[in-house]
Number of protein chains: 2
Amino acid sequence: MANNLKNINQGKSWIEVPENSDFPLQNIPFGIIAPENKTPRPATRVGDTIIDLSELADFGFFDQLGIDDLTAFYSPVLNDFIALGKKYTVPVRERLIELFSEGNTELQNQKDLLETAFYTAGSVEVLLPVDIGDYTDFYSSIEHAANVGKMFRDPENALLPNWKHLPVGYHGRSSSIVVSGTNIVRPKGQIKLPEQENPVFEATQKLDYELEMAFITGKENTLGQPIPIEETSKYIFGMVIFNDLSARDIQKWEYVPLGPFLGKNFGSVISPWIVTMEALEPFRIAGPEQKPEVLPYLRLSGKNNFDIKLQVSIIPENGLENIVCRSNTKYLYWSMNQQLAHHTVNGCNIRPGDMYASGTISGKDESSFGSLLELSWGGKKPVSLKGGVSRTFIEDNDTIVMRAHAEKYGLRIGFGEVKTKILPAVKY
Amino acid sequence: MANNLKNINQGKSWIEVPENSDFPLQNIPFGIIAPENKTPRPATRVGDTIIDLSELADFGFFDQLGIDDLTAFYSPVLNDFIALGKKYTVPVRERLIELFSEGNTELQNQKDLLETAFYTAGSVEVLLPVDIGDYTDFYSSIEHAANVGKMFRDPENALLPNWKHLPVGYHGRSSSIVVSGTNIVRPKGQIKLPEQENPVFEATQKLDYELEMAFITGKENTLGQPIPIEETSKYIFGMVIFNDLSARDIQKWEYVPLGPFLGKNFGSVISPWIVTMEALEPFRIAGPEQKPEVLPYLRLSGKNNFDIKLQVSIIPENGLENIVCRSNTKYLYWSMNQQLAHHTVNGCNIRPGDMYASGTISGKDESSFGSLLELSWGGKKPVSLKGGVSRTFIEDNDTIVMRAHAEKYGLRIGFGEVKTKILPAVKY
């Protein structure tokens, strides 16, 4: 199979793939769709075509892969599928590449099936792909951490003492992670204005996005048994784009000493298609040098970072799209392997479907800053947008779009987009 | 039904209830059992008798309650049952009180059923009662917050500026919440010793428990729609005892600026029986006066605190039990209603089965301090135990037991216990 795949990876699909599509034959991401009058079920996407995997399972296309129980292909979330493990999910992806490859007629000739299993993107609802058990947010971009440190703490000592020794992270809210296309209501909360003695209760005036990528684990460890860093790749199923919406003023008042809470948990938005680590394999690169040297449990040689191009757009009510940030996952100081090894080194157990976001991904240049907080330097420097408007933070009815893709030797593997509109605060 | 219940509440059961049992006829908590060779299923407990609710459902004992779909009585976790809502769960509890009441022969005469549905406590495995979607830990005891502030920050300004304005809370780890009887391995992690420049990797030397109570929600709100404080009681299903194990040295090095992470998520332990808010109703009391006055969204008149006696014991390897703390939920500054109103005021959505711990519950007197950190004042004052041993923090093979019960006019409603033994750190 591995040998076949090498050729397949250079191949084309009989399904049309538009130029610059994020979803060529070599991607085969996994998601969940809800066709009209049908229960939610697993799907994949090639070009602008979405394929219902439960229908393919019905017709026996996965029968030769040794999967005893095919119920994972009929589940309303991907957790069961992911939990099959790479032993099965990798061959499923390879089988799909085979079925969709130019010259393969197994599926192509089943005209009836094509009618019931194939949808044009946009004509079928795409749902949150997994039931997220636990969600962790890291803080792994050194430029972002330094920018925040300069603004809120000491410009001379922007990084806190622990930052270069461990991938700082904290637990976030799972329930309010929603899929691209879900609009989020501007949160209200306690805000302490500098000129007042007591906090006031009002809608956030400092609503922001954070450009992040997140990975999803596909395998569990036993409580009390750490995952050695050499083993961590086996646990990582795939990735999505993650928009970690943040209310900076609510967060500022609440977060000492136990961390962010209501400033974050009113909504986070992810892209719907989980791109597998196998699809991202060609885009591995070495991470940055880490000095001081990290403790042995965090050391891993090899290419453990990824070269994935990221972009943020703001579309105000005038409808004009403004790309305000171009960043890249290669700027991350801490790798996913290090995050996962650290997360479990105390024995903490993880499960299939758990999600781990990177933290805001900023580069050195201002054009790569992954949040408005950084772009407007705490609101002091408005960002000019098309049509004569500007932003220090997000305003009502602004739409935020994040995109991500990797590209090398003409192969483009992408994530599509995560899009969300901010609605005015509720009366309360 | 309500009128009947008043009499029933003064009644006795035909099931034997030992003196000072936490589980009289008036309790009827809910849990999950796993009888040998059977799937996990809902259960309740009277005295030392555990009753399989799926068996009672089989025999039609809940048929008159208007519950269309009885699958919740066969589910391996209580989430489906709780999600039925108080409209159904309250009548189920009342029906159980009726069935178990002295003089009621409906069930008592079904000798075959008694053999298959009844177990003696200890003879059947009791599991984690709910699949916990999200877990939040609050910090709602003023004495605990002040003690920690005195030790680690400024004795003159022990409370942080936000503490009296909002119930400080943060998101914790769901996956590592386990049921009483589960042993926890001493975690390893990064620790920064004062005399060294760099952190070391080693087993925690400051392992501690935190005496907390937790509530479980039974109803969801829509993302973006806060729960007004007057409505919050409708969302609270019941409570358990919560042992929030903590590694103080790991926490100290990692927690600035994003809060506790590996210092907490290696294991938290809860009592197995969820005691309903209806059973706890007689033990409501007024909360403490809150000054400065809280913002309107946090104001609620009436008796919103509870008088529940709490106790912590340490049993070292010598087998001698030492009660090291007697505390009470009445010491909590912030009520569960306030916690829930605050949690959702930004639109954060909650779900049936989500869990919310109180934070360590300490009173004014040293004898009521709910953690060893406080009892040993940061390790400076060893706590003497029976048999000539002492503790500043928890040692390997120590067992920690927490108990809770309320008592009034001869009625005792309790939670049983949560018990966990600390195993030595793993080699790694």
For this session: Kindly check whether there is at least one residue in region A:274-295 that is buried (at least 24 other Cβ atoms within 10 Å of the Cβ), free of Cβ contacts under 8 Å to residues at least 24 places away in the same chain and in the same structural domain as residue A:413 (by TED's automatic domain parsing).
Result: no
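Here are some residues: A:266, A:261. Which one is within 14 Å of chain B (Cβ to nearest Cβ), farther than 30 Å from residue A:230 by Cα and free of Cβ contacts under 8 Å to residues at least 12 places away in the same chain?
A:261
Can you spot a residue in region A:299-313 that is touching a residue at least 24 places away in the same chain (Cβ under 8 Å) and within 14 Å of chain B (Cβ to nearest Cβ)?
yes
Let's see how each residue does on (1) out of contact with any Phe, Trp or Tyr (no Cβ under 8 Å at 6 or more places or on another chain); (2) among the aliphatic types (A, V, I, L, M):
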position	(1), (2)
B:219	no, no
B:226	no, no
B:230	yes, no
B:245	no, yes
B:258	no, yes
B:270	no, yes
B:286	yes, yes
B:306	no, no
B:311	yes, no
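Within region B:227-246, does at least one residue satisfy the condition of being of a type outside the set (D, E, K, R) and facing chain A (nearest Cβ under 7 Å)?
No, region B:227-246 contains no residue that is of a type outside the set (D, E, K, R) and facing chain A (nearest Cβ under 7 Å).
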Exercise. Among the residues of region A:50-83, which ones are over 21 Å from the mean Cα position of the chain (by Cα) and in contact (Cβ under 8 Å) with a residue 60 or more places away in the chain?
Worked result: A:51, A:52, A:55, A:56
For this session: Please indicate, with yes or no, whether at least one residue in region B:25-41 is without any contact (Cβ under 8 Å) to a residue 60 or more places away in the chain and surrounded by 19 or more Cβ atoms within 10 Å (Cβ to Cβ).
Result: yes
For this session: Return yes when residue A:166 is outside any helix (DSSP H, G or I), within 30 Å of residue A:288 (Cα to Cα) and either at pLDDT below 95 or outside the structural domain of residue A:45 (by TED's automatic domain parsing) (or both) and no when it is not.
Result: yes
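From the set of residues in region A:382-428 that are part of a loop (DSSP other than H, G, I, E, B) and within 14 Å of chain B (Cβ to nearest Cβ), which is surrounded by the most Cβ atoms within 10 Å (Cβ to Cβ)?
Within region A:382-428, the match that is surrounded by the most Cβ atoms within 10 Å (Cβ to Cβ) is A:425.
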Problem set entry | Selection count where residues are more than 9 Å from every other protein chain (Cβ to nearest Cβ) and touching a strand residue (DSSP E or B) at 6+ places or on another chain (Cβ under 9 Å), scope region A:175-195 | 6
Exercise. How do the pairs read when you match residues in region A:101-120 that are under 18 Å from residue A:62 (Cβ atoms) and assigned by TED's automatic domain parsing to the domain that holds residue A:48 with residues anywhere that are assigned to a helix (DSSP H, G or I) and acidic (Asp, Glu), using Cβ under 8 Å and keeping only pairs 6 or more apart or on different chains?
Worked result: A:104/A:98; A:113/A:55; A:116/A:55; A:117/A:55
Exercise. Just checking, which of B:209, B:170 is within 11 Å of another protein chain (Cβ to nearest Cβ), of a type in the set (Ser, Thr, Tyr), crowded, with 18+ Cβ neighbours inside 10 Å and in contact (Cβ under 8 Å) with a residue 12 or more places away in the chain?
Worked result: B:170
Exercise. Yes or no: residue A:98 more than 21 Å from residue A:219 (Cα to Cα), of a type in the set (D, E, K, R) and at pLDDT 95 or above?
Worked result: yes
Exercise. So which residues in region B:393-428 are at pLDDT 95 or above, aromatic (Phe, Trp, Tyr) and out of contact with any helix residue (DSSP H, G or I) (no Cβ under 7 Å at 6 or more places or on another chain)?
Worked result: B:415
Seminar exercise, completed: Of the residues in region B:130-158 that are assigned to a loop (DSSP other than H, G, I, E, B) and modelled with pLDDT under 95, the one that is surrounded by the most Cβ atoms within 10 Å (Cβ to Cβ) is B:158
Exercise. Hey, residue B:215 hits all of (1) within 13 Å of the chain's Cα centre (by Cα); (2) over 24 Å from residue A:189 (Cα atoms) but one; which does it fall short on?
Worked result: (2)
For this session: Output yes when any residue across region B:242-251 is part of a loop (DSSP other than H, G, I, E, B), of a type in the set (Val, Ile, Thr) and farther than 19 Å from residue B:45 by Cβ, and no when none is.
Result: no
Exercise. Given B:245, B:258, B:262, B:295, which one is touching a helix residue (DSSP H, G or I) at 6+ places or on another chain (Cβ under 9 Å) and modelled with pLDDT of 95 or more?
Worked result: B:262
Exercise. Here are A:335, A:313, A:301, A:358: which of them is closer than 30 Å to residue B:203 by Cβ and surrounded by fewer than 21 Cβ atoms within 10 Å (Cβ to Cβ)?
Worked result: A:301
For this session: Look through region A:269-294, keep the residues that are of a type in the set (A, V, I, L, M) and within 12 Å of another protein chain (Cβ to nearest Cβ), and return whichever of them is nearest to the chain's Cα centre (by Cα).
Result: A:269
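The values are calculated or read from the model by the stated rules, or taken from the named source; none is laboratory data. All values reported here derive from a predicted model rather than from experimental measurement. Heads up, the Cβs are rebuilt from the backbone with ideal geometry, glycines too, and the neighbour counts pull from every protein chain shown.
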